[in-house]
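S.K.: Here it is, the structure, as structure tokens.
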Amino acid sequence: MSLHTLAAPRAPRAAFGKIVLNEARLAWRQPAGIVVSIGLSLLLLVIFGSIPVFQQTSSRLGGLSAFEVYIPILISFSIGVLALAYLPGPLVSYREQGILRRLSTTPVPAFWVLAAQFVVQACLMLIAVFLLIGVSVAGYGAIAPRNPGGLVLALVLSIAALFAIGLSIAAAARTSGAARAIMALAFYPLMFFSGLYVPDADPAARVREHQPLHPARRDRAGDPGLDARPVPPGAAAAGDGGVRDRVRVPGQAFLPMGVTQMDSFTGKLAVVTGGGSGMGRELVRQLAAQGCSVAACDWHPDAVAETAALARADTGSGVLVTSHACDVSDEAQVLRFRDELLGQHARDHVDLVFANAGIGGGNSFVNDTREEWERTFAVDFYGVYYCARAFLPLLIASGDGVLVNTSSVNGLWAALGPGIPATAYGAAKFAVKGFTEALIEDLRSNAPQVRVAVVIPGHVGTDIIPNTLRAHGTGPERMSEAELEGTRDALVGAGVLAEGASAEDARRLLLQGIKDFKDKAPVSAAQAATIILDGVRSGAWRILIGDDARMIDAAVRAKPEASYDYTELFSEVPAP
Amino acid sequence: MKTYTSAVEISHLRKTYGKLVAVDDVSVSVAEGEIFGILGPNGAGKTTAIECAVGLRRPDAGTIRLLGLDPHADRDTIHEIVGVQLQTTAFPAKLRTGEILEEYRSFYRRPADVSELVEALGLAGKLRDYYRSLSGGQRQRLSVALALIGRPRIAVLDEMTTGLDPQARRDTWELIEHIRDRGTTILLVTHFMEEAERLCDHVALIDHGRIVALDTPAGLTAQARGGKTVRFLPSAPFDDRLLTELPEVSRVEHDGQHVVVTGTGELVNAVLFALRAAGLEARDVRLDASTLEDAFVALTGTRLHEEHKEGALT
């Protein structure tokens, strides 16, 4: 008989099926890997799904709930356990026990066992993925994956990457004991980088610091305050937090609802002063749209009533928006406002206070009246101060309170530009900033349930100019002839109006200026409100709004001595 | 057209591990259908030699042909026609005997009948048992079964009956003879003399990597000590010359009251006849044919079961 009849026989393909079958039996009979990778992930999923707060959607998570953000993390956890804890074990022990050596004397190549392991593990992974997604969608109402192609690609890449690590361990380890040791060493750092847990209160910052390519790094570049690039108007107005807000911070869902971050405003009660217009109005609307009840006050009752009506249009049930008349410079009115809102909201505490009300005026200590100066200072500083007095006990009672005081870029820099002093406004805004910063240490020591933030807006499109004029008794429409002529003279003197301009010219210019200040601002009031709410949620204490605010902040830090030498101050500041 | 002359042809095989020469100039020729034994103490190089033969190790020098095929160049064919039982093979603890057999059966294109094989090896009642619950002997028999499951043309069995009880050992021998009768060539590594004498057509004695003798078991025995021994207790003392004059007798010795006579041919008859003629009787007669073990001791100067402390590489 010729052996050529036996030439190049190949192992029957059915043999591969038999190997897969036996590997599957082994996986089933030694279920530690399956239990840990699939069972534990499912258990965590069920636990997270059962925590009500994890089900609340948050604009900070791009409109997802913490639970939903956790699903992919649990999927990678599941794959990681299989690839690292379970895959190397059998392969190393097959080598250790001589099974691979025995196989290499048969027609079947030893790598078929590797391939069979791959098939079994991949099936287990698919089961894990389907179970995790299925249970979260069917059982807990999570949104179904919206990009199946992306999901498949992510799964393939994750499996390939983790398999490569697992197989490298199997190749490097001489004994199964060594494989287990290496696996344990590799597993925990990998889970750390995947964002499963971070032993730190601010995981995003820590991950950004260590991982230059981490997606979270792209966001929130401004430090310590927040980035204030304008967002498309529709995004902010829609109340979803804007495009910039779609930040995924993987470990965040693991954090307790602590004092450093606020996941959501849902179900809370916020107080907003100056809610009749500008940033105050937008804060009320956006808070309400995010499920937060609001008590808004303003010196103009009609304006704040209109705000409340606008806000109610965007909200669902369970959110109460009330409007109150209150001049914050009068402590008695602030206390009445406090009592009124507690009654109407039937609460014994408040969670958030936005001391936002402010006006201009009293620019010149030399020329302007003492009454105007003191009225400006009273609204801008004492308004904040009385609110703190009135509401701090209620914030402490909340257990997780935030006091947000609005200062200004003029709290960093006490001028408005050449020929335009800001003595009352600057003094008040410096005072607000100083008061708020001093409260940081005070609260940390004496009332850790409450934190504070100071808002430093640059030019934001608000009605502060007409509000200021009205607050001091004159609207541009109702100026007397004498007042208008005084204004004309001032404007001519500042070189804004030409010589020989009439009083009517001055009124027109004033009205146009008021309109332009609001409409042509680099940051709209709605965008500013979004930035403020982002900052509050993230735990920032210093919230800068606008490139102008950041530029001035940088300039006065770089050259404090030149703060009021405008040419010098802004000479080397790079355009933001 | 037969392109080979013997089933296994090993010539001038040499394999070293560093400075240690495990196999040194070993040449062996095994005819088709015979059972060929490789004997030697631990560390003699037996296992290294057969691992080279089945392609698990690359020899440093020499050639190996199995049915005319090279273990490396023709490894696909070799794996199909050579069944191997290795000394140290384990299987996953949580697989059942039957599942392991079915898996290995699927590797071959013309596999053996599992039920016949397990019946002959006494594993029929163990098919549903997990590997981890099998005794050492049962594991050994499973390993033999897996070596034979592909209906190999050559079966290489390394210490196949180690750990088996006497009955299981005899059953396994019967199976091996049966397999051989169907035309399978068997290469048997063993250190059981009884096994080699019972099964092997030819035996190679290996010591320190070299072949010290190559013959049939009977030939080796004769080579070691030409003859047989009769041992008895005489009814009365007698003159040794009574026996030394017999042509069959070569030597007479005394062991206490016992007499030990060594010789050839019809030694027992000649001795007993001479004693009776002298009016003596022999009691407690024992006839000892010299054994392969004696041959081994004579040829290598070592006892087979002694542990070699040095170079225990098998």
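S.K.: Take the alpha carbon gyration tensor of the range A:475-520, find the square roots of its eigenvalues, order them as a ≥ b ≥ c, and report rounded if a/c is under 1.5; if not, report prolate when a/b exceeds b/c, else oblate.
M.R.: Because a/c hits 1.5 or more and a/b fails to exceed b/c, the range A:475-520 counts as oblate.
S.K.: After finding the eigenvalues of the alpha carbon gyration tensor for chain B, what semi-axes result from the square roots of 5 times each, listed largest first in whole Å?
M.R.: They are 43, 24, 18 Å, listed from largest to smallest.
S.K.: Apply the Karplus parameterisation 6.51 cos²θ - 1.76 cosθ + 1.60, with θ equal to phi minus 60°, to every residue of the range B:254-263 and state each ³J(HN,Hα) to the nearest whole Hz, in sequence, with x for glycine and proline.
M.R.: Residue by residue, the range B:254-263 yields 10, 10, x, 7, 6, 10, 10, 10, 10, x Hz.
S.K.: Let me ask something else. Ignoring everything except DSSP H segments at least 4 long, calculate the 222 nm mean residue ellipticity for chain B; use -39,500 (n - 2.57) per segment, divide by total residues, nearest 500.
M.R.: So the helix-based figure for chain B works out to -9000 deg cm²/dmol.
S.K.: Stokes-Einstein D for the range B:92-202 at 4 °C, 1.567 mPa s, Kirkwood Rh over Cα pairs, in µm²/s?
M.R.: Roughly 91 µm²/s, to the nearest whole number.
S.K.: Which whole-number percentage describes the relative contact order of chain B, with Cα contacts under 8 Å and a sequence gap of 6 or more?
M.R.: The normalised contact order for chain B reaches 22 percent.
S.K.: Can you work out the FRET efficiency for the pair A:E504 and A:Q344, with r the C-beta to C-beta distance and R0 = 35 Å, to the nearest 0.05?
M.R.: Plugging the Cβ-Cβ distance into 1/(1 + (r/R0)^6) gives 0.15.
S.K.: Identify all lysines with a Cα-Cα distance to B:K19 below 25 Å; exclude those on the same chain that are fewer than 8 residues away in sequence.
M.R.: B:K46, B:K309
S.K.: Amide H of B:I206: which non-local residues (sequence gap of 5 or more, or other chain) have their own amide H closer than 5 Å, using H built in the peptide plane?
M.R.: Amide H to amide H, under 5 Å and 5 or more residues apart or across chains, B:I206 pairs with B:L39, B:G40, B:V212.
S.K.: Work out how far the C-alpha atoms of the range A:343-407 reach from end to end along every principal axis, then list the three figures in whole Å, largest first.
M.R.: 47, 21, 14
S.K.: Let me ask another. Between 0 and 90 degrees, rounded to the nearest ten: what's the tilt of helix B:166-181 against the longest Cα principal axis of chain B?
M.R.: Once rounded, the angle reads 70 degrees.
S.K.: Something else about it: Which residues' amide hydrogens lie under 5 Å from the amide hydrogen of B:I35, considering only partners 5 or more residues apart or on another chain, with H built in the peptide plane?
M.R.: It is B:I186, B:D201, B:H202, by chain and number.
S.K.: Rounded to the nearest 0.05, what FRET efficiency do A:D565 and A:V152 give with R0 = 51 Å and r taken as the Cβ-Cβ distance? Could you check?
M.R.: Efficiency at R0 = 51 Å is approximately 0.25.
S.K.: Can you tell me which of B:Q138, B:Q257, B:Q87 moves the most in a GNM of chain B? Springs connect C-alpha atoms under 10 Å apart.
M.R.: Between B:Q138, B:Q257, B:Q87, it is B:Q257 that shows the largest mean-square fluctuation.
S.K.: Straight-line reach only, C-alpha to C-alpha below 21 angstrom: list the lysines that A:K429 could link to, leaving out same-chain residues fewer than 8 apart.
M.R.: A:K518, A:K559
S.K.: Note down, for the range A:94-190, the three equivalent ellipsoid semi-axes (square root of 5 times each alpha carbon gyration tensor eigenvalue), biggest first, whole angstrom.
M.R.: Result for the range A:94-190: semi-axes of 33, 17, 12 Å.
S.K.: Between A:V523 and residues 5 or more places away or on another chain, which pairs have amide H atoms under 5 Å apart, with H built 1.01 Å from N, and which residues are they?
M.R.: Those qualifying (amide H under 5 Å, at least 5 residues apart or on another chain) are A:G461.
S.K.: Right, next: Over all distinct alpha-carbon pairs, what is the Kirkwood Rh of the range A:454-556 in angstrom?
M.R.: Here the Kirkwood hydrodynamic radius works out to 15.6 Å.
S.K.: Rounded to the nearest 5, what is the percent of antiparallel bridges among the DSSP beta bridges in the range B:6-216?
M.R.: Roughly 50 percent of the beta bridges in the range B:6-216 run antiparallel, per DSSP.
S.K.: Report ³J(HN,Hα) in whole Hz for each residue of the range A:461-466, in order, from the Karplus equation J = 6.51 cos²θ - 1.76 cosθ + 1.60 where θ = phi - 60°; Gly and Pro get x.
M.R.: Along the range A:461-466, the couplings run x, 10, 9, 4, 5, x Hz.
S.K.: Determine which lysines satisfy two conditions relative to B:K228: a Cα distance under 28 Å, and not lying fewer than 8 residues away in the same chain.
M.R.: none
S.K.: While we're looking at this one, here's another question. Charges on Cβ only, +1 for Lys and Arg, -1 for Asp and Glu, centred on the Cα centroid of the range A:300-355; of A:H324, A:H300, A:H349, which one is farthest towards the dipole's positive end?
M.R.: Farthest towards the positive end: A:H349.
S.K.: Moving to a separate point now. Semi-axes of the equivalent ellipsoid of the range B:227-289: what are they in whole Å, largest first, if each equals the square root of 5 times a C-alpha gyration tensor eigenvalue?
M.R.: 15, 13, 11
S.K.: I would also like to ask the following. Based on other C-beta atoms within 10 Å, arrange A:T322, B:T172 from fewest to most.
M.R.: So the residues, fewest neighbours to most, are A:T322, B:T172.
S.K.: In square nanometres and to one decimal, what's the mean projected area of the convex hull around the Cα atoms of the range B:1-125?
M.R.: So the mean shadow area of the Cα hull is 10.0 nm².
S.K.: Let me know the shape class of the range A:13-201, please: from the alpha-carbon gyration tensor, a ≥ b ≥ c as square roots of the eigenvalues, rounded when a/c is under 1.5, otherwise prolate if a/b is greater than b/c, or oblate.
M.R.: The shape class here is prolate.
S.K.: Calculate one ³J(HN,Hα) per residue across the range B:193-207 by plugging θ = phi - 60° into the Karplus curve 6.51 cos²θ - 1.76 cosθ + 1.60, and present them in order as whole Hz with x for glycine and proline.
M.R.: Each residue of the range B:193-207 in turn: 4, 4, 5, 5, 5, 6, 9, 7, 7, 9, 9, 10, 8, 10, 9 Hz.
S.K.: In a shell of Cβ-Cβ distance under 12 Å around A:Q449, excluding A:Q449 itself, what net charge do Lys and Arg (+1) and Asp and Glu (-1) give?
M.R.: Overall, the nearby charge balance is 0.
S.K.: Would you mind computing, in nm to one decimal, how far apart the modelled labels at A:A161 and A:V496 are, each placed 7 Å from Cα along Cα→Cβ?
M.R.: If labels sit at A:A161 and A:V496, their model points lie 5.6 nm apart.
FYI, it's all coordinate maths here, none of it is from the lab. None of these values were measured; they are calculated from a predicted model. Glycine gets a Cβ as well: all are built from the backbone with ideal geometry, and neighbour counts include every protein chain shown.
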